[in-house]
1. Quick check on the exposure proxy: order 113, 40, 68 from fewest to most C-beta atoms within 10 angstrom.
2. Can you give the Rg to Rh ratio of the chain, both from alpha-carbon atoms, with Rh computed by the Kirkwood formula?
3. Given just the C-alpha atoms of the range 83-186, how large is their convex hull per residue in cubic angstrom?
4. Within straight cross-link reach of residue 10, meaning Cα distance under 15 Å, which aspartates and glutamates are found once same-chain residues fewer than 8 apart are removed?
5. With an 8 Å cut-off on Cα pairs and a minimum separation of 6 or more residues, tell me the relative contact order of the chain in percent.
6. Net charge near residue 111, counting Lys/Arg +1 and Asp/Glu -1 over other residues with Cβ under 10 Å of its Cβ?
7. What is the sum of charges around residue 141, taking Lys and Arg as +1, Asp and Glu as -1, for the other residues whose C-beta is under 13 Å from the C-beta of residue 141?
8. Using every Cα-Cα pair within the range 129-225, state what percent have a distance larger than 24 Å.
Amino acid sequence: MASFVDTNTKAFTASAAIGQYLRVVLSAGKLAAASATQQMLGTLEDASFADLDVRSVRLRTASGTRKMVASEAISLGNPVYAAASGKIAADGSVLEGIALEAATADNDIIEVMTLAAGVPGGILAAAQQALSGAGAVNVTSYYTAVTTTGANALTLANGTFAGQLKRVQLIVDGGDGTLTPTSLTGGTTITFADAGDFALLLWDGDSWIPVQLGNDADGATAPVLA
């Protein structure tokens, strides 16, 4: 008889020893570490030590964020991709999520926001935008690097599909950059005041939601939502 779970995790039988928080897939009905070309079933909640160990998997469709194991240095806010041996990398062919913490080396464990199954697209595969001075932040690429040349007004049109992610970052501080999206949850503007300030935004079909506001340079300041 078919069954289902309405929870974030599900128990499976492992095929071998697999480390905690690694990406896993089902192979011949058992858990195995996912390869660099496989989209994960989920991440292992606790390490398995041998064949036939039963372990809980945080499913790809689970709500919230999760812990994952880096294979290399990954910048905060960077897309993360499938890597060999169940890990994640800063580049690749299978997109898994967005890094909400920086990794500095192989085997670092970081927080990741998964791009769950059912969310169309997520990140547009287009070259980043370099914007100098006032103007429009585009919605055709994932990343826009902003150089301000004074007190600059920036705009952002509505997203093009539900689940679209947009990262805007001030890389050269020549003055405050004030971003006014057409639709924004929680306020009407986001002001970038210091080099390194970034905003990670999610389009939910009606409005841009500020998923994360922070600063890559000092780790303390952040853009102001008002």
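1. Numbers: 113 20, 40 24, 68 28.
Neighbour counts put them in this order, fewest first: 113, 40, 68.
2. Values: Rg = 19.2 Å, Rh = 18.6 Å.
Taking Rg over the Kirkwood Rh, I get 1.04.
3. Values: hull volume 13.4 nm³, N = 104.
So the per-residue hull volume is 129 Å³.
4. Partners within reach: 45, 46, 53.
5. On the way: 657 pairs, mean separation 26.6, N = 226.
With pairs under 8 Å counted, the relative contact order is 12 percent.
6. Working: positive: 66, 67; negative: 101.
Charge balance near residue 111 sits at +1.
7. Details: positive: 166, 167; negative: none.
Residues near residue 141 contribute +2 overall.
8. On the way: 487 of 4656 pairs.
Tail of the P(r) past 24 Å holds 10 percent of the pairs.
No lab work stands behind these numbers, since they all come straight from the coordinates. If you're wondering where the values come from, they're calculated on a predicted model, not measured in any experiment. Because the Cβ atoms are built from the backbone with ideal geometry, glycine has one as well, and the counts that use them run over all protein chains shown.
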